[in-house]
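S.K.: Below are the structure tokens for one structure; questions will follow.
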Amino acid sequence: MICLYTAVGSAVAVIVQRNGRWVPRLALEGLDTRCLAADPARPERVYCGTFGRGLWVSNDAGATWAPAGDGITSDRVMAVAVSPIERAGGYGIVWAGTEPSALFRSEDGGKTWHACPALTRLPSAPTWSFPPRPWTHHVRWIEPDPIVAGRLFVGIELGGVMRSLDGGLTWEDRKPGSQFDCHTLRTHRRAPGRVYEAAGGGYAESLDGGTSWHGFDAGLPWHYLWGLAVDPADPDTMIVSASPGARQAHGPRSHQPGDGEPPAGASAFIPGAESVICRRTGGGPWQEVRAGLPAPQGTLAYVLAAHDAEPGVFYAAPHHGAIYRSADRGESWERLDIAWPAGYRPERTHALVAVSLP
């Protein structure tokens, strides 16, 4: 059974398909949910980071939740990840990143945590700054390597991509060619050493495990990239969310009375927002994708996801609870029929994780 874990800002929604419709179950209501990760070996174990209430853990596919154990020193958890290959005592190694930037490691499913202080001792650390809150910065993304144990990539918003080769004990600073305004990182189990980055300045990737980086923006209409996903069956097919800038990607405000009606077929209209999905395959240029998606104007940046159980399938979530699915490697899309509870309307999706449950 395919399950979509979604952080919708004011809750976690666990969405499964029943009788042709997608049915969400809400949890952690009232919490500002920001990031999600599921254990690849036990996808019913899921972690959710919140802004102001720390990290939460579920061992039953989101039916019940409990706060993670002690050791994370900030209640603003902005990134979480589980290693697909490193395990201890039946648990995948879990990583949590916070605001201000700090990284923590757990080997017991989130019961206890150990800090990785060498990350914030890097030479570039004094230059890190998040423009909307310039007095601080945060770990935006954590990407454990799916092939090489101990290799780990961390994206700082705004600071760049940092690499550890020893499980977080020591760190290497950002490399030339990588993007400083890191938003999403991906790796691929069929592409050893390949790292993909979507960032505020465009797209970058490494083919040697993060030692060197190069950009590739040919065909992109804009260079402010947010979401990124790679076809599980083909490391050369990927999609990104592109916007003219941060304001258009994240929106100045929600739709207000008097703004007029959304365009026909739009999931919801956000004044000032503008985003598209772009697709790249076979080493060619990026190409805009429109089939089945809402108009760029009024659409916030997409959060994107894929998972191994559905080769060639992508999921995309802009805002207001809309989720789109592509079954042809990102070429065309269809909006999922989600039966949100009466009176409940998510504002925006911060995180989206697709898994296959027993």
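S.K.: In Å and whole numbers, how far do the C-alpha atoms of the stretch 2-356 stretch along each principal axis, longest first?
M.R.: 53, 45, 40
S.K.: Further question on the same structure: Report the charge-dipole magnitude of the chain in Debye, nearest 20, computed about the Cα centre from +1 at each Lys and Arg Cβ and -1 at each Asp and Glu Cβ. Display every interim value, and only then the final one.
M.R.: Working: 32 positive and 36 negative charges, 59 e Å.
Here the chain has a charge dipole of around 280 debye.
S.K.: Filter the chymotrypsin sites (Phe, Trp or Tyr not before Pro) in the stretch 49-136 to those in DSSP coil with at most 13 other Cβ atoms within 10 Å of their Cβ, and list the result. Don't skip to the end; give the middle numbers.
M.R.: Details: sites: Phe51, Trp56, Trp65, Tyr91, Trp95, Phe104, Trp113, Trp128, Trp135; in loops: Trp65, Trp113, Trp128, Trp135.
The qualifying sites are Trp135.
S.K.: Taking only C-alpha pairs under 8 Å that are 6+ residues apart, what is the relative contact order of the chain in percent? Don't skip to the end; give the middle numbers.
M.R.: Numbers: 1071 pairs, mean separation 46.7, N = 358.
After rounding, I find 13 percent.
S.K.: At 7 Å along Cα-to-Cβ for each site, give me the label-to-label distance between Ala115 and Asn59 in nm.
M.R.: 2.8
S.K.: In addition: Need one word for the stretch 94-233: rounded, prolate or oblate. Basis is the Cα gyration tensor (sqrt eigenvalues a ≥ b ≥ c); a/c below 1.5 gives rounded, then a/b vs b/c decides. Don't skip to the end; give the middle numbers.
M.R.: Numbers: a/c = 1.69, a/b = 1.17, b/c = 1.44.
Verdict is oblate for the stretch 94-233.
S.K.: Say each of Ala66 and Leu357 gets a label point 7 Å from the Cα, pointing the same way as Cα to Cβ; how far apart are those two points in nm?
M.R.: Result: 1.9 nm between the two label points.
S.K.: Kindly state, to the nearest 0.05, the FRET efficiency for Met1 paired with Ile147, given R0 = 30 Å and r defined as their beta-carbon distance. Walk me through the numbers before you get to the answer.
M.R.: Numbers: r = 28 Å, r/R0 = 0.93.
So, using R0 = 30 Å, E works out to roughly 0.60.
S.K.: For Glu86 paired with Gln287, estimate the spin-label separation in nm (one decimal), with each label point 7 Å from Cα along the Cα-to-Cβ line.
M.R.: The modelled label-to-label distance comes out at 3.9 nm.
S.K.: Turning to a different aspect of this structure: May I ask for the longest run of the chain untouched by trypsin sites (Lys or Arg not before Pro) that are loop-located per DSSP and have at most 16 neighbouring C-beta atoms (other than their own) within 10 Å?
M.R.: Working: sites that count: Lys111, Arg189, Arg190, Arg253, Arg290.
With a cap of 16 other Cβ atoms within 10 Å, the longest stretch comes to 1-110.
S.K.: Another one. Quick one: what are the phi-derived ³J(HN,Hα) couplings along the stretch 100-111, Karplus 6.51/-1.76/1.60 with θ = phi - 60°, whole Hz, x for glycine and proline?
M.R.: x, 4, 7, 10, 9, 10, 10, 10, 9, x, x, 6
S.K.: I would also like to ask the following. Rounded to the nearest Å, what's the spacing between the alpha carbon centres of the stretch 1-69 and the stretch 293-343? Just the number, please.
M.R.: 18
S.K.: Now, a different point. If you find the alpha carbon centre of the stretch 102-146 and of the stretch 170-192, how far apart are they in angstrom?
M.R.: A separation of 14 Å, based on Cα centres.
S.K.: I would also like to ask the following. Given springs between every Cα pair under 10 Å in a Gaussian network model of the chain, which of His138, His320, His114 has the largest fluctuation?
M.R.: Among His138, His320, His114, the largest GNM mean-square fluctuation belongs to His114.
Just so you know, all these numbers are worked out from the coordinates, no wet-lab data involved. It should be emphasised that the depicted structure is a prediction, and the values quoted were computed from it without experimental measurement. All Cβ positions, glycine included, derive from the backbone under ideal geometry; neighbour counts span all protein chains shown.
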